[in-house]
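Enquirer: I'd like to ask you about the structure that follows.
Since every read-out is calculated from the coordinates, none of them should be taken as a lab result. Remember, predicted model here, so these are calculated numbers, not experimental data. Because the Cβ atoms are built from the backbone with ideal geometry, glycine has one as well, and the counts that use them run over all protein chains shown.
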Amino acid sequence: MKIASLLQGLFVSAILALASAAHAEDGYDLWLRYHPVEKEWLGRYRTDATTLVTAGSSPTARAARDELARGLRGLLGRAVKLDDTIRGNGAVLFGTPANSRTIAGLNLPLAKLGAEGYVIRSVTARGRKLTVIAANGDVGVLYGAFHFLRLMQTRQSIDHLDVASVPRIQYRILDHWDNLDRTVERGYAGFSIWDWQKLPDYLDPRYTDYARAQASIGVNGVVLNNVGAQTAMLTPLYLKKAAALADVFRPYGIKVYFSVRWSTPMELDGLKSADPLDPAVIAWWKAKADEIYGAIPDFGGFLVKANSEGQPGPQDYKRTHADGANMLADALAPHHGIVMWRAFVYSQNNPVDRVKQAYDEFVPLDGKFDDNVIVQVKNGPLDFQPREPFSPLFGATPKTNLALEVQITKEYLGFATHLAYLGTMWQEVLESDTYARGPGSTVAKVVDGSLFANKLTAMAGVGNVGTDRNWTGSQFNQANWYAFGRLAWNPNLSARAIAEEWVRMTFTNDKAFVAPVVDMMMGSRETVVDYMTPLGLAHLMGTGHHYGPAPWVDNAGRPDWNPVYYHRADAQGIGVDRTPTGSNAVAQYAPPLAAQFTDLDKTPDKYLLWFHHVAWDYKMKSGRTLWDKLVLHYTHGVEDVAKMRTTWAKLRPYVDPQRYEETAAYLAIQEKEAKWWRDACIAYFQTFSNRPLPPGMAPPEHPLAYYKGLSFPYEPGTAR
Ligand code: GCV
């Protein structure tokens with residue numbers, strides 16, 4: 001009897017173990033999990049979405065069908081019927097007017113939706129009630145399919161649908177900073193997912209899942225390699241490999257692009273120069289473009305980092321960025337390719353404030369770039385800091401196509417482990433008013449082309465994807481990939497709405513989970529700003545690897561790589577004077593902003609030390625001194641991480657064990673490192689302020705020498 005019940009017990013626990021293994025989640029499925037909806041929703045959805053009527057037969061139409069089938073099967077928990085004709089009520093019909101007479105007969109408002117927009121409608125056709133997902137092109141149908149699934153994933157009604165959506169930005173591109181040896185510059189999610197050595201013969205199924213994820217958020221371009229480009233990318237060997245990836249991505253509406261190294265003609269083929277006006281150089285790039293398009297007929301174009309951080313470029317031949325960009329653009333134009341020319345330029349030989357240099361360089365070139373060139377500008381004038389004001393280039397070059405470049409990978413916001421939702425940061429940038437054409441001239445309107453009627457529009461994100469099972473180094477980093485795509489599709493979306501969508505799809509729709517997690521995400525970037533670089537400080541990170549605090553570093557290779565260049569702390573105060581009495585960077589902004597930023601009392605606290613060198617005893621709006629306020633920000637930052645941990649701890653019942661534990665452990669790391677940031681910065685800045693900590697504030701745990709003595713020779717993501 002005893003043995004029988006023991007065996008029975010073992011059997012039951014084996015079953016339970018199997019069941020929980022089946023439900024174990026590691027984040028691989030991203031926001032495309034398609035777990036069964038709750039009973040209540042099953043009742044509302046079941047009859048409405050169980051038959052799929054496919055109109056087209058292209059690879060993209062098949063991708064849409066497969067995704068809908070996979071999604072509906074998962075969400076509704078039963079097989080989905082595939083049909084090619086409408087037989088009853090409740091079917092989902094998807095296609096284009098060209099491949100479906102029913103869709104053509106519905107007179108849907110597709111005229112203004114271009115190739116990528118779509119409509120989703122509840123209609124009655126041929127006497128049957130249907131949901132129709134329709135677009136002018138198959139890729140629009142695919143985007144519509146993802147939208148339809150998202151409605152169900154986030155538990156919205158699909159009863160009376162009347163949705164129309166069109167991307168506001170044409171080129172929505174993920175930039176991989178992946179090297180051909182599979183290391184990833186500023187990558188914290190393992191190695192590059194491109195397994196170059198096995199390409200083109202072995203196609204990792206992960207490439208398809210990657211393409212599905214990208215299409216689900218509307219990303220339509222992928223730069224395969226690092227902007228610090230290797231010339232081998234343009235050899236026949238690698239073109240074949242890239243072509244294989246392009247074949248995988250094509251059905252998902254994704255084009256591939258390459259970063260190119262300016263001096264490639266010299267390094268690959270022994271040309272004497274890379275001068276953009278040299279006929280031999282021009283001919284070389286034309287021939288190379290023809291060769292690339294021979295291998296990849298829908299190749300997207302080139303991304304170029306030139307004359308920046310030691311990269312070669314046209315200025316080596318006393319030519320301008322426009323000369324360089326236009327030469328490449330000419331080579332690509334017959335094939336409809338584009339050049340994305342980065343404005344991230346600064347020179348150690350230029351004594352001018354680094355944050356002014358890109359504007360100085362590019363504003364005089366306004367109107368000189370060819371139509372198929374897009375100048376790609378980082379969100380801030382410095383370098384992807386936790387907070388910067390927007391780059392003054394936005395709004396200053398009306399005759400130039402400008403792309404906004406943001407960094408999804410968290411080079412400066414805590415690598416993989418710190419929880420920092422960047423949707424809020426990008427919304428802050430997009431909503432910033434440039435005043436270029438009077439009030440309301442937001443960065444979003446520059447980027448979507450509506451302010452200056454630009455021909456091409458683009459948004460690029462430096463990706464955070466790697467070989468980690470969870471793709472992005474942490475569960476919550478997935479939200480940044482997601483938010484990038486959603487904002488590139490529509491820069492007017494709210495960061496909160498995006499976060500909520502993501503939480504619902506990635507974890508659960510349970511309100512008890514959604515509300516606190518969305519709140520936690522919404523505050524998380526400000527928390528990082530508080531414990532790293534509050535009040536407009538920037539670039540205090542460890543030199544080179546950018547891990548942890550090192551505001552004391554003053555011996556890096558060039559002045560503008562030193563944290564001391566960015567905070568200028570001394571016995572009087574802290575911060576960089578960028579008003580007319582200092583570098584006058586304020587003058588690069590439109591007059592109302594220049595006036596505001598010049599006035600110490602009118603400068604928002606969040607940009608205070610970015611624009612001003614401020615006395616330690618300066619009375620802040622709150623009535624506290626600057627020094628006290630600085631210490632409070634650092635302290636709040638740490639306290640806020642502790643609160644995030646408490647929030648998360650209460651949510652254990654709603655999350656599968658692996659994702660719960662991973663996040664809990666990362667939050668613990670974040671708290672430890674936030675404290676490290678606080679203590680190291682306070683210990684260091686106190687040597688200048690010479691003031692006591694405000695009452696109740698704990699002193700740094702260790703003396704300054706301890707923090708200065710820490711070293712991290714093998715941090716990930718560093719170019720070595
Ligand atoms: C690819 C920052 C990063 C570099 C990066 C550079 C860029 O400086 O630290 O790793 O180089 O930006 O955007 O080109």
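Enquirer: Calculate the FRET efficiency for LEU203 and GLN596 from the Cβ-Cβ distance with a Förster distance of 41 Å, rounded to the nearest 0.05.
Expert: Rounded to the nearest 0.05, the efficiency is 0.15.
Enquirer: So what J values fall out for segment 224-234 if you push phi through Karplus, 6.51 cos²θ - 1.76 cosθ + 1.60 with θ = phi - 60°, rounded to Hz, Gly and Pro as x?
Expert: 6, 10, 4, 5, x, 7, 9, 5, 4, 3, 9
Enquirer: Within 11 Å, Cβ to Cβ, of PRO59, how many net charges do the neighbouring residues add up to if Lys/Arg are +1 and Asp/Glu are -1?
Expert: Within the 11 Å Cβ shell, the charges total 0.
Enquirer: Then there's this: From the phi of every residue in segment 686-702, what ³J(HN,Hα) in whole Hz does the Karplus formula 6.51 cos²θ - 1.76 cosθ + 1.60 yield, where θ is phi - 60° and glycine or proline is x?
Expert: Once rounded to whole Hz, the list reads 5, 5, 9, 6, 6, 10, x, 6, x, x, x, 8, 5, x, x, 5, 10.
Enquirer: Could I ask something else about it? Summing Lys, Arg as +1 and Asp, Glu as -1, what charge do residues with Cβ under 12 Å from the Cβ of ILE217 carry, ILE217 excluded?
Expert: Details: positive: ARG150, ARG172, ARG212, ARG486; negative: GLU501.
Neighbour charge sum, excluding ILE217 itself: +3.
Enquirer: Then there is this: If you find the alpha carbon centre of segment 676-703 and of segment 258-301, how far apart are they in angstrom?
Expert: 54 Å
Enquirer: So if I take the centroid of the Cα atoms in segment 67-110 and the same for segment 217-247, what is the distance between those two points in Å?
Expert: Comparing the Cα centres of segment 67-110 and segment 217-247, I get a distance of 34 Å.
Enquirer: Dipole magnitude of the chain about its Cα centre, charges +1 at Lys/Arg Cβ and -1 at Asp/Glu Cβ only, in debye to the nearest 20?
Expert: 1900 debye
Enquirer: Return the sequence-ordered ³J(HN,Hα) values of segment 141-151 in whole Hz as given by the Karplus equation 6.51 cos²θ - 1.76 cosθ + 1.60 applied to θ = phi - 60°, using x for Gly and Pro.
Expert: Taking θ as phi minus 60°, the curve returns 4, 4, 4, x, 4, 5, 5, 4, 5, 4, 4 Hz for segment 141-151.
Enquirer: Summing Lys, Arg as +1 and Asp, Glu as -1, what charge do residues with Cβ under 13 Å from the Cβ of GLU25 carry, GLU25 excluded?
Expert: Taking every Cβ under 13 Å from that of GLU25, the sum is -2.
Enquirer: Using only C-alpha atoms and all pairs of different ones, pull out the Kirkwood radius for the chain in Å with one decimal.
Expert: Mean inverse Cα-Cα distance, inverted, gives 27.2 Å.
Enquirer: Any chance you could check the Cα centroid distance between segment 168-201 and segment 419-450 for me, in angstrom?
Expert: 27 Å
Enquirer: Also, I was wondering about something else. Largest first, please: the extent of the C-alpha atoms of segment 312-436 along each principal axis, to the nearest Å.
Expert: 44, 37, 32
Enquirer: Report the Rg/Rh value for segment 556-603, based on alpha-carbon coordinates and the Kirkwood definition of Rh.
Expert: Taking Rh as the inverse mean 1/r over Cα pairs, Rg/Rh reads 1.06.
Enquirer: Could I ask something else about it? Counting other beta carbons within 10 Å of each Cβ, put TRP627, TRP41 in order, fewest first.
Expert: Least to most surrounded, the residues fall as TRP41, TRP627.
Enquirer: Just rank ARG46, ARG101, ARG504, ARG250, fewest to most, by other beta-carbon atoms within 10 angstrom.
Expert: By the 10 Å Cβ count, ascending: ARG101, ARG46, ARG250, ARG504.
Enquirer: Excluding same-chain residues fewer than 8 positions from LYS672, which lysines have a Cα within less than 26 Å of its Cα?
Expert: Partners within reach: LYS410, LYS606, LYS629, LYS643, LYS650, LYS708.
Enquirer: Related question: At 20 °C and 1.002 mPa s, what whole-number value in µm²/s does Stokes-Einstein give for the translational diffusion of segment 261-382, with Rh from the Kirkwood sum over Cα pairs?
Expert: 144 µm²/s
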